[in-house]
Structures are given as C-alpha cells and as structure tokens.
Amino acid sequence: MLNLFWSMVKLGNGLKLNFQAIYELNSQFSNNNSASPIKSRRRYPFAAVCLCKMTSCDVIGGCPSDYVALSVSIISFVSLFLRSTLPFIIHKVPRPKGSSFWLPTIQIIASFNLLMSLAMALNIVRFHRTHWWQSCYLWGVWIHVPLGFGLLLSCRLIQVTHLYSVFVKRRLFPIRSYISLPLALLPWICWAVLLQIKQPLSNHCHMGIQWAIPHICLPVLYIAALVAITAAIHHIEFKFDELKDLWRAILVTVFSISVWVVAYVLNETHEEIMWLQVTTRCVLLVVASILVVAFFSISFSQPLVSVMSLNKKDSFGLKSMGQALGIPDSGLLSQNDPTLDVDPNQPLDKLLLNKRFRLSFMEFADSCLAGESLHFYDEVQQLEKIPVNDPVKRIYMARHIIEKYINTGANMEVNISHRTRQEILTTLDIAHPDLFKNALNELLQLINMNLAKDYWSSMFFLKFKEEAAMRNVDHELEQVNGWDFSPRLSSVHCPDDPFYQDHMSRDPTTTHYH
C-alpha cells in the first residue's frame, strides 16, 4: 500500500509539472498578439495542440481514411512490382540490356519513393514517438522532390526524347542515359537544395502558399515538355503503337497531376481546416498510387510492352525482332528451304547466303563461344530485306542491332574497330542501307581467319553434308512418288494390270472411263 501511495504521489508531481509547462507555453502563446494563430502554432506546437484540442488523428495521423489511402498505395505498388517481375520469373524472359531495362527499373524505385514520402510527410501513419528519420526535410523534400516525382518524370522525359531522336532525327540520342538522366534531374535537385537552405517547412511539413506555387511549377513544366515533344512526332506511323501509348500516358499524367496539384494547394493553404487536411492528404496519396501504376503500365518503350505482359500467346510467340517486324524468311528454318551444294573453295560471303549452311556454321561458332559475328550477319541480312522506302521498320531493326551487337558492353558485342563502331553510333541516318557495311566486311575477314578453316574439318560440316545428302534423296523420292500413274498412261487396261486395282481404289472416275 505504501508503494502504491508513493507511486501516486510521484505521478501527481509529474502531472503538476507538465500542467505548469503547458500553462507557461499557453501564456506565451496568448501574449503573442503580433503573430497569427498559424505562425504561433508553428512556434509552439505543443501548446497549440493543447489549446485547440488537436490531439486527434487530423494532426498526428491515423484516421480511417489515412489507412484506406495507405492500403491503396501498398496494393498499387505490389501490383506494379508483380507486373514488372512476373514475366521474367514465369516465362523466363531474358532481361533486356541498357536503358530499355534500367529506365523502367528506376521508374519502379521512384514510384516507391513517391508513395513512401507522401505517407511520411502527410502524417498518414501515427507514431507515438518522434524519431530522427521522421524529418520533414528528409521525406517532404529530398525523397519526395528529386528521388520521387523528379525521377519519375525525368525517366519518362528521357524515353520520349530518345523516341524523338531516333524516329524524327534518324539518329541515336547523342547523350547516354546515365548522363542525360542526372541532367534532367538537376532542376529538382537544385530546388531541394534551396528548400533545405531556406527551411520553409513547419512542424507539420507545410510550406505555405509562397513556396507551394513554385513547388508545383516543376511537374507542370515537365508535362508541358512531354506534350511538346510528342506533338513533334505525331506524323510517324509506329510499328508497335508507341505514339498511342505515349498519348495515353500523357493524358493519365495530366489528369493525375491536375488533381494532385489542387489537393496539394488546398492542403498547404488551409492548414486550420481539419476535415480538409484529412481529405486532401487522402486524395494526394490515392492519386499518386493510381499515377504510378498507370504511368508504368502504359509504356511506349516497345517492344518492352510485350516483355512486361503475362499474355504468353500474344507476347512470346515472336522470338526475334525480324519476326515482330514481319520480315520474310526471318523465322525458323522450314523443311521446304532448299539445300545447295556447298563448295569450300567458294567465298564465304556467298556460302553464307545459303540459310542452312549459315545455321550450321552458326552452331559451330556458338560451340566455339564466337557466335556473335554470325548472329550479327544473320540479322543484318534480315535488315537488308526491308525496303529502303520503309524507313520506320529499318529504324526498328537497325536500333535493335545496335543495342544488341554494337553498343559497348552489349549482350553480344561484336569485335569491330573503334572507328567503325563510332561511325555507326554517330550516324546521321540510322536507316541508311550501308550502315553496317564496314562492320560486315571486318567480321567476314575475322571469320575467314579464325573459324572457316576449323569448320571444314568439324563434325558440324560432316553433319551438314549428311543432312544435305539425305534431303537430296528425299527430294528424289518425292519426285518419283509424285508421278501420275493414271490408267491412261498404261498400255494394259485389264485386271492383270498391277496398277489397275490401285487406281480403281484411289480414283473412282476411272470406272466410268473403263
């Protein structure tokens, strides 16, 4: 009993001290007539909470609508993550190389940063204690501005700029993505540095109308740039409907950004209206969740859409770019392909025109871990089948070959000189008929020096000769079996004719003839 009494005395003394501190802070708050209620609340947040009875969820978070918005954001990000990873896990799709893979990956990271920063900066989740990692400048400035919204819009701007450069200017974008992306992100970083220096945020992560208006100018400018570049490529007839997907992405973005800007301005300028604070922060998080899913799903980086699709029938039936573009004879080898006699004394470039010989030689080169040159030759042959008056398809195929074989560090980079490589990468016309002519000449010389001599004495060539001989025999048998042994060609028209019964069973019209 004595211990319980002593504990109650200590608790009473503690409450007395707390109420005295509250009284002193409230006295200072009431005596500060020159400051507005909002500024006074920012200066003395604990006193403002006690006076205005703001200890409910509208200030410290945890309202039912907050958790609904948080659930929507979690579901959105999980669906975004599954959509981007399941095709590679289920269908074993090979991972794309270069910016076609890293830009969508960065978009996923930026989407997570945007949703997480909004949840933390808007006090969606209630925390009973204050920690250093809950800083408004960490979430509301750095993660939200350059690493969230800025990174998301910058990736989309880089993608549409590449599209404009390739299909309108007919040249590769002169700046690599790992350089152009930080340049596009630089204005967002500068704005975050300015906010960090000026310290305009209150204890509730609000910056006021004088900072909120400039804050929303960056996304508006980037959306305007997207619209302007898209309008410049409206006349291109794309093979994979990139322009239609791009306009869809822009319309979704414009609508989401418009709603987001209105809710953000209301949230920043009406801090004293508690129901509006709860409503606007819920709208901000829900709209951002919808934006990140739609922004990634409506992708115009084709044929990346087929990679990100789970519809195996439509997406994975085409194994090569040549098949996707509808280039003749770009599929697998058929049984009707002719087999010509191969003379080792003939030039290699003429021998490689034989598709069966080329595939056999390609298998031999792959076994020697040197098949890149033959695969490059095969895809260049497909490119040459595209008419010169069809520049869009030629651009698709040429860009595919450059990304796969020419770029430094490419998946199947070929061994060509630096001068030839730079001529291709800096060309002013990516659809030029002689774009890969010098590269082919260099690779054919290397093949003659390193692979050709070994191929003639390999098991691959012996297997090719056996298959060619068998196909020739089969072709002769097909010709023999294809002869028309009709009764009109036989001099014997009686039951003693050995072919008579056979033709009677196959051709009922012979009965009337006889």
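The values are calculated or read from the model by the stated rules, or taken from the named source; none is laboratory data. Note that the structure is a prediction, hence the values are computed from the model and not measured. Methodologically, a virtual Cβ is constructed for each residue, glycine included, from the backbone with ideal geometry; neighbour enumeration extends over all protein chains shown. Only protein heavy atoms, including side chains, enter the accessible area calculation; ligands, DNA and RNA are left aside. Shrake-Rupley method; radii C 1.70, N 1.55, O 1.52, S 1.80 Å.
Spelling out what I want: for every residue of the range 152-162, take phi, set θ = phi - 60°, compute 6.51 cos²θ - 1.76 cosθ + 1.60 (Karplus), and round to whole Hz; glycine and proline get x.
Those phi angles translate into 5, 6, 5, 4, 5, 5, 5, 5, 6, 5, 4 Hz.
Using a simple spin-label model with points 7 Å from Cα along the Cα→Cβ vector, what separation in nm is obtained for Val388 and Ile109?
Going from the Val388 label point to the Ile109 one covers 4.5 nm.
Could you give the accessible area per residue of the range 393-457, probe 1.4 Å, as a whole number in Å²?
Per-residue accessible area for the range 393-457 comes out at 51 Å².
Could you sort Ile386, Ile60, Ile273 by accessible area so the largest value comes first, with the probe set to 1.4 Å? Write out the running numbers ahead of the final one.
Values: Ile386 10, Ile60 70, Ile273 50 Å².
Correct descending sequence by accessible area is Ile60, Ile273, Ile386.
What length, rounded to one decimal in nm, is gained on full extension from Leu369 through to Tyr137, with 0.36 nm per residue of separation minus their alpha-carbon distance?
Working: separation 232, 0.36 × 232 = 83.52 nm, distance 5.29 nm.
Between Leu369 and Tyr137, full extension yields 78.2 nm more.
For the range 234-278, treating each Cα as an identical point scatterer without solvent, what Debye log10 I(q)/I(0) comes out at q = 0.26 1/Å?
-0.87
Please state the charge dipole magnitude for the range 109-205, taken about the Cα centre, from unit charges on C-beta atoms (+1 on K and R, -1 on D and E), reported in debye and rounded to the nearest 20.
Values: 8 positive and 0 negative charges, 59 e Å.
The dipole magnitude comes to about 280 debye.
Given the range 75-148 reduced to its alpha-carbon atoms as identical point scatterers, what log10 I(q)/I(0) does the Debye formula return at q = 0.23 Å⁻¹?
-1.01
May I ask you to evaluate 6.51 cos²θ - 1.76 cosθ + 1.60, the Karplus curve with θ = phi - 60°, for each residue of the range 203-211 and list the ³J(HN,Hα) values in order in whole Hz, giving x for glycine and proline?
5, 9, 6, 9, 10, x, 5, 5, 9
Enumerate the calculated ³J(HN,Hα) couplings along the range 247-257 in order (Karplus 6.51 cos²θ - 1.76 cosθ + 1.60, θ = phi - 60°), each rounded to whole Hz, writing x wherever the residue is Gly or Pro.
5, 4, 4, 5, 5, 4, 5, 4, 4, 5, 5
In Å², and per residue, what accessible area does the range 107-205 have when probed at 1.4 Å with the other protein chains present?
Numbers: 4520 Å² over 99 residues.
Ligands and nucleic acids excluded, the figure is 46 Å² per residue.
Could you give the nm distance between label points at Thr130 and Asp343, where each point is 7 Å from its Cα heading toward the beta carbon?
In this crude spin-label approximation the distance works out to 9.1 nm.
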